[in-house]
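Okay, so here's the structure we're looking at.
Bear in mind these aren't lab numbers, they're just calculated from the coordinates by the rules spelled out. If you're wondering where the values come from, they're calculated on a predicted model, not measured in any experiment. All Cβ positions, glycine included, derive from the backbone under ideal geometry; neighbour counts span all protein chains shown.
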Amino acid sequence: MPEDISLLPKEVEKKREQKARGRLLRKISFVALGLALLFATSVFVYSLILKSQSSDLEQAVNQQKSEISSRAEVELTAYDLNARVEALGKILGNKTYFSTLLTTVSRAVPGGVTVTEMTAPSEETASVSGTSGGYISLAKFLLNLKEAEVFPAVELRSVSLDEQTGEAKFDLSLSVAQGGLQK
Amino acid sequence: MKFSLRLPQTTGLIFLGGAVALALGVFQVLSIPSLRQEIAIAEEDLAVLRQKNERLSEILSQTRTVESNLEVLQTALPVNDEVPALIMQLEKIAKQSGMSVQHLGFGQSGGSTKPSSDSDVTSEESRGGVETISLTVVIDGSYPSLQTFFRNLERASRVINVTNFRFSSAQKKGGEEGGGSGLSVTLGAEAFYLAEIKEVTINTPLTLDTTSKDYTELVRKVKALRVYKSGVLE
């Protein structure tokens with residue numbers, strides 16, 4: 001079988017190949033350039049949009065700031081009022097009304113019982129000392145205190161009878177309900 | 001085998017142009033996150049400022065009410081310690097309640113302020129911008145008078161918070177008038193003051209809402225307190 005014999009010289013063939021490769025490379029480079037330009041342009045346009053957005057916002061912020069500055073006096077009044085509202089809200093919310101304690105104890109005192117000493121070291125506890133005409137009136141006093149919602153726990157710490165006067169000296173402690181002395 | 005890629009000049013230039021465009025694009029991409037962050041911050045600032053401006057407009061439309069409310073709140077929580085007015089208030093309340101003041105002790109708070117009376121300094125405390133004056137009050141009177149004293153103190157315009165108290169039966173001294181009808185009372189209390197705001201940063205949000213229920217309720221509560229005006233004691 002006869003072989004295909006190329007009549008072109010090898011150098012010419014090589015040049016053809018090089019030209020074809022050059023054309024391909026040029027095409028690729030054009031595509032790459034196009035893509036790079038497209039990428040760069042879109043990124044540039046996007047950043048321009050962002051910059052303009054930022055500048056618009058800055059302008060709006062400055063406008064608001066200048067409007068606020070022109071109302072500086074009202075602004076200070078508003079902040080002062082706000083600070084006082086917040087502080088007083090907290091102070092009044094945590095305020096202890098010991099009059100409630102005194103009133104509750106005084107309502108619970110039956111005839112024959114005299115309170116001679118009372119200590120309330122905090123809004124949570126109180127201790128009451130006094131004298132009673134007898135054990136019955138003291139028991140009544142304790143029952144009355146236990147009925148009051150303000151005192152979840154009433155504890156009689158000591159009681160002693162004075163034989164000369166016939167009076168019972170007592171000392172009791174009261175637990176005050178959480179928030180019981182607040183309004 | 002030796003491999004070399006020799007580009008024709010035009011192709012080389014095109015590649016170079018592409019590389020430059022790509023580099024510029026990448027450079028721009030790198031600046032985008034910071035730009036977006038700037039925008040986000042500016043948007044937040046703008047929202048705060050707009051809200052603040054709206055609130056200021058509201059306040060401006062009711063300046064008189066706001067100023068009168070501020071005056072009322074400044075009575076309850078004054079701009080400085082106002083110890084003389086405090087003494088006056090305590091004395092008037094005691095007198096009205098049938099008690100007599102035996103001793104007043106003050107703990108002046110705040111490093112910059114000096115005690116404005118020759119009273120005892122017992123402690124000092126400061127919290128959340130509000131300065132606290134610690135008080136020790138010793139009064140004499142009966143149990144019903146003490147109840148009235150506490151009620152009047154709790155309703156007084158200059159807010160005083162009683163923190164503890166103690167009373168015991170006391171013998172009435174011969175010839176002594178008024179007050180000493182049974183009990184000697186010692187109570188610990190706190191009075192407060194808040195320095196006036198003289199400067200604010202523009203970006204600080206303004207949370208005051210003069211239409212809110214909390215605000216109106218608080219103003220109503222403070223207005224209901226009884227004012228003991230400073231002046232010469234009767």
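For the reader, a short list of remarks on this structure follows.
- Neighbour counts of other Cβ atoms within 10 Å put B:PHE15, B:PHE27, A:PHE44, A:PHE170 in the fewest-to-most order B:PHE27, A:PHE44, B:PHE15, A:PHE170.
- Using the Karplus relation 6.51 cos²θ - 1.76 cosθ + 1.60 with θ = phi - 60°, the per-residue 3J(HN,Hα) values for segment B:187-203 come to 10, x, 8, 10, 10, 10, 8, 9, 4, 5, 7, 10, 8, 9, 7, 4, 7 Hz, with x marking Gly and Pro.
- 10 Å Cβ neighbours from other chains, averaged over peptide B:17-27: 6
- Building the convex hull from the alpha-carbon atoms of the protein assembly as shown and averaging its projection over directions returns 43.8 nm².
- Shown is the FRET efficiency for A:SER66 and B:ALA23, computed with R0 = 45 Å from the Cβ-Cβ distance and rounded to the nearest 0.05: 0.65.
- For q = 0.11, 0.14, 0.17 Å⁻¹, Debye-computed log10 I/I(0) when each Cα of chain A counts as one equal scatterer: -0.76, -0.92, -1.08
- Lysine pair count for segment A:10-70 with Cα-Cα distance under 22 Å and sequence separation of 8 or more or different chains is 5.
- Helix-only mean residue ellipticity at 222 nm for the protein assembly as shown, each DSSP H run of n ≥ 4 adding -39500 (n - 2.57), per residue, nearest 500: -18000 deg cm²/dmol
- Residues in segment A:134-159 that a label on A:THR165 would reach, taking backbone N under 19 Å of a point 7 Å out along Cα→Cβ: A:134-142, A:157-159
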